[in-house]
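J.: Let me begin by handing over the structure; questions about it come next.
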Amino acid sequence: MHALCDGLRGRDIETAVLARRSSRGWLGVRFDVLRRLQPRRQCVVDRAVGYPVFRAFSPADVVDEALERFRPDSVVIHAHTGMEMAERVLAAGKRAVICVRDTRFDDLGGEIPRHENAVYVANSAFTASSFLKRYELHAEVSPPLVDPDRYRVEAGGDRVLFFNPHPLKGLDTALQLVARRPDIEFDFVETWPLTTEVRARLAEIVPRHANLTLHAPRKDVREFYARARCVMIPSLQDPERWEEAWGRVATEAQVSGIPALATNGGGLPESVGPGGILVDPSAPFDAWEAGLSRLCDDDAEHARLSAAALEYSRRDEIKPARIIDEFIRAIDPAR
């Protein structure tokens, strides 16, 4: 979202964000201070990231106030639990650009608005197809915006990198690979907040494996990519629980020619393309181990897939300038 806001500002489009207040770190302290200074406001605003950010305990409750204070022409809404916001935006006569980021359509927080001022944007062809099948509504495809300069490194590491050690992201498969290949070093990096149960499980398992290191979330992840030989994305593909809609990690890694070992489902075939190995969701675990061996033990195969990953990262449809151009057209078709 921040990268998109910066890109829009680079095209002379004013942006602001309405977000839930943070209770952690300096942002939490800033919110508490501003709340005292603006006692009559339901939400407070700061420019800590270079543009206005409206913060509130419940963003859906302050949509009208944010609209009045910022006066936007269009409002971009993340669809997850955001339909109440969409209804308020449309009622105010604004254009609502609703971003569909996954296929958990039952968690949208309300009915999908069928309104002439409602526009839908999906993060992959897979998501757009699923959305069309469910609602018979078209969504433009706009992949996640990845600024290559924020992720590019001099590749050449020998470790296996796994972001987001969450059960839905394939934690069980990742831990099996750690146990099966004690000769390979693995970096697990937290992303989503982990439940108490998952954290307790990792606290018990990680010390048993000398080849596994668990890292706290990091804003700048280039150090992890710099020592990675490959990334693994063993996400579940279960329509009842989770389907990976894109696989941003693959895009981030490929700008440095780092290939991926990923599940062959959802949007992962789009994000990984020829720059990695895809494993069928129904395949036995041996298929994961064989894929990892191709990437870690076969230098010629790794070099081939690394070159393919780098080339795939240069395709037009994920270039930041093109994504911004297409997003602007969604916001204002007249441009």
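The values are calculated or read from the model by the stated rules, or taken from the named source; none is laboratory data. Note that the structure is predicted; figures quoted are calculated from it, not measured. Glycine gets a Cβ as well: all are built from the backbone with ideal geometry, and neighbour counts include every protein chain shown. Ligands, DNA and RNA are stripped out before the accessible areas are found, and what is left, the full protein with its side chains, is counted by its heavy atoms. Shrake-Rupley method; radii C 1.70, N 1.55, O 1.52, S 1.80 Å.
J.: Collect the residues in segment 268-311 that are without any contact (Cβ under 8 Å) to a residue 60 or more places away in the chain, surrounded by 21 or more Cβ atoms within 10 Å (Cβ to Cβ) and within 20 Å of LEU145 (Cβ to Cβ), keeping them in residue-number order.
T.: Scanning segment 268-311 gives LEU268, VAL272, GLY275, ALA309.
J.: Could you please tell me which pairs satisfy a Cβ distance under 8 Å, a separation of 6+ or placement on different chains, a first residue in segment 94-122 that is closer than 20 Å to GLY267 by Cβ and open to solvent by 40 Å² or more (accessible area, probe 1.4 Å), and a second residue that is in a strand (DSSP E or B) and not small (Gly, Ala, Ser)?
T.: Qualifying pairs under 8 Å: ARG101/HIS78; ARG104/TRP242.
J.: Within segment 62-82, can you find the residues that are open to solvent by less than 70 Å² (accessible area, probe 1.4 Å) and under 22 Å from TRP246 (Cα atoms)?
T.: VAL76, ILE77, ALA79, GLY82, listed by residue number.
J.: Continuing with this model, one more query. Out of the residues in segment 244-256 that are open to solvent by less than 40 Å² (accessible area, probe 1.4 Å) and not hydrophobic (A, V, I, L, M, F, W, C), which is farthest from PHE163 (Cα to Cα)?
T.: Among residues in segment 244-256 that are open to solvent by less than 40 Å² (accessible area, probe 1.4 Å) and not hydrophobic (A, V, I, L, M, F, W, C), the one farthest from PHE163 (Cα to Cα) is SER256.
J.: Only one of ARG88, ARG114, ARG55, ARG69 is under 21 Å from ILE13 (Cβ atoms) and either part of a strand (DSSP E or B) or more than 21 Å from the chain's Cα centre (by Cα) (or both). Can you tell me which?
T.: Numbers: ARG88 fails: under 21 Å from ILE13 (Cβ atoms); ARG114 fails: under 21 Å from ILE13 (Cβ atoms); ARG55 fails: under 21 Å from ILE13 (Cβ atoms).
The conditions single out ARG69.
J.: Quick check on this structure: which one of THR191, THR213 is farther than 16 Å from LEU278 by Cβ and in a loop (DSSP other than H, G, I, E, B)?
T.: Testing whether each residue is farther than 16 Å from LEU278 by Cβ and in a loop (DSSP other than H, G, I, E, B) leaves just THR191.
J.: Looking only at segment 152-169, decide whether some residue is touching a strand residue (DSSP E or B) at 6+ places or on another chain (Cβ under 8 Å), assigned to a helix (DSSP H, G or I) and surrounded by fewer than 20 Cβ atoms within 10 Å (Cβ to Cβ).
T.: Scanning segment 152-169 turns up at least one residue that is touching a strand residue (DSSP E or B) at 6+ places or on another chain (Cβ under 8 Å), assigned to a helix (DSSP H, G or I) and surrounded by fewer than 20 Cβ atoms within 10 Å (Cβ to Cβ).
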